[in-house]
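Notes to accompany the following structure.
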Amino acid sequence: MILPDGLAERIKACNSTYTVRFGVRLRGRMYSFTGWRSVHSEHVEPAKGGIRYDESSTAEEVEALAALMSLKCALVDVPFGGSKGALCINPKDWDVHELERITRRFTQELAKRNLISPGRNVPAPDMGTGEREMAWMADEYKRTGPSDIVNANACVTGKPLSRGGIAGRTEATGRGVQYAIHCFLRDRAHQGVAGRHDLKEMKIVIQGFGNVGYHAAKFLSEDDGAHIVCIAERDGYIYNPTGLDVESVKKHQLTTGSILGFEGAVSSPNTAEGLEVECDILIPAAMEGAITAENAHRIRARLIAEAANGPIAAEAEPIIWRNGVVILPDLFVNAGGVIVSYFEWVKNLTHIPFGLMERRRRERRNSQITAVLETMTGKDFPEDIRDEFLEGGSELDLVRSGLDDVMRGAYEKMSQTLRDHPEIKDFRTAAYHIALSRIADAYKAIGI
């Protein structure tokens, strides 16, 4: 792909990065906090991207993640530019009411600079944040007196259902990981995983058991029959060659604060070794740079699905390829969050719940089909599937259907790119080719 002179440099650089420093009076004294919001590209508006609360965050990290968001949105073809934000804070250091005051002050600083707005910049949850923080941000944004108060709820996504959220948003990234793996296994142009195209009985290792890792593990084991044989966290990993009960592990983690010590599994404090357990599919769903040049040759998976952002260091990737491991890139695998965020944003702007205008029509149509089939065959419709067939589809059903459709479309585009461009050998390069082409076309269309 050859871009016009100067366009590559324009796409590469972040448009703007704002550093905000503010004080909040807590515990009888003033505490100062530093946060960032980076806008990588506004070739499409609004810009979209999460806000993380992490004391190791830096401006450079935020800019890199903003660029990744631009590419991710372009790959899955949702109409957002890329943005990202962070607040340098450890949420565990603060009580809930203190964290709320900090979040509201941060929101005020973003609103002053038009870095939170339904039409300009739309944050979402990320590491260290969730529905609660998004509800606080949306409420504080409304208090700042925006001109478009009617659509103010669309200023952030990932909100609770009671505050304008959408069913399926919490699980979206983990569900997207499942759909990404399904796409690869359906593609007969590849040999599947060791010649197999069915997840049943496949062994999977999960690194990171937060929101994304937990939901991916849950869906792959419960829906597809895969065996989650190893789960790794910051303080170590647990292993059972016959498979772990994901729900029981999560309950143990919530009760004890750790996955270690889970009954029925071997526990080890060596987190790195968890990545090296032999398996069919490895799903890194934690921090960046989990797989490096130092440990890449010890990875014994056949497929890696990048649920985290940048879990494989650049120098590690050639080592993994040489070992015959297929990598499904983060641009694609973890796009479920922004796809369902797009659905929530649309819901907030239209003020119409998903399915409201067509659910009953579908129910009537399905009822008619049932009656015709019964008349034609002279037999009653099977009771075990009647209710599901007649049901018109809840918001969650429609969100999952839409997510599946977008993921399939993005995968097919990558697969087509690999077929059309023999010089492109891997999914990551194919994803970059698609994303950069779309961003370039958008810039050309507006005369930049």
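Remarks
- Leading residue by the ranking (surrounded by the most Cβ atoms within 10 Å (Cβ to Cβ)) among those in the range 285-301 that are of a type in the set (A, V, I, L, M) and not in a loop (DSSP other than H, G, I, E, B): Ile291
- Test: residue in the range 175-191 that is more than 21 Å from Pro311 (Cβ to Cβ), among the small types (Gly, Ala, Ser) and either modelled with pLDDT under 95 or crowded, with 19+ Cβ neighbours inside 10 Å (or both): yes
- Gln207 outside the structural domain of Gly50 (by TED's automatic domain parsing), over 30 Å from Gln253 (Cα atoms) and among the polar types (S, T, N, Q): no
- Test set (1) closer than 24 Å to Cys73 by Cβ; (2) touching an Asp or Glu at 6+ places or on another chain (Cβ under 8 Å) - Pro4 fails condition number: (2)
- Filter result (of a type in the set (Ser, Thr, Tyr), assigned to a helix (DSSP H, G or I) and under 15 Å from the mean Cα position of the chain (by Cα)) within the range 160-186: Thr173, Tyr179
- The single condition from (1) over 14 Å from Met69 (Cα atoms); (2) buried (at least 17 other Cβ atoms within 10 Å of the Cβ); (3) modelled with pLDDT of 95 or more that Asn366 fails is (3).
- Identity of the residue in the range 12-23, surrounded by fewer than 19 Cβ atoms within 10 Å (Cβ to Cβ) and not in a strand (DSSP E or B), that ends up modelled with the highest pLDDT: Asn15
- Among helices (runs of 4 or more DSSP H) entirely within the range 342-436, having at least 1 residues that are under 22 Å from Pro79 (Cβ atoms) singles out 395-420.
- Arg132 satisfies every condition listed in (1) out of contact with any Gly (no Cβ under 6 Å at 6 or more places or on another chain); (2) more than 18 Å from Arg169 (Cβ to Cβ); (3) modelled with pLDDT of 95 or more except (2).
- Just one residue in the set Val205, Val229 is at pLDDT 95 or above and farther than 20 Å from Asp330 by Cα; that residue is Val229.
Here is a yes/no grid of residues against (1) within 30 Å of Gly174 (Cβ to Cβ); (2) at pLDDT below 85; (3) among the polar types (S, T, N, Q):
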{"site": "Met376", "(1), (2), (3)": "no, no, no"}
{"site": "Glu383", "(1), (2), (3)": "no, yes, no"}
{"site": "Leu403", "(1), (2), (3)": "yes, no, no"}
{"site": "Glu412", "(1), (2), (3)": "yes, no, no"}
{"site": "Lys425", "(1), (2), (3)": "yes, no, no"}
{"site": "His433", "(1), (2), (3)": "yes, no, no"}
{"site": "Ala440", "(1), (2), (3)": "no, no, no"}
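- Selection status of Arg400, buried (at least 16 other Cβ atoms within 10 Å of the Cβ), of a type outside the set (Ser, Thr, Tyr) and within 17 Å of the chain's Cα centre (by Cα): yes
- Of the residues Gly128, Gly145, the single one that is without any contact (Cβ under 8 Å) to a residue 24 or more places away in the chain, in a loop (DSSP other than H, G, I, E, B) and not assigned by TED's automatic domain parsing to the domain that holds Gly336 is Gly145.
The values are calculated or read from the model by the stated rules, or taken from the named source; none is laboratory data. None of the values given here were measured: they were computed from a predicted structure. Positions of Cβ are backbone-derived with ideal geometry, glycine not excepted, and every protein chain shown enters the neighbour counts.
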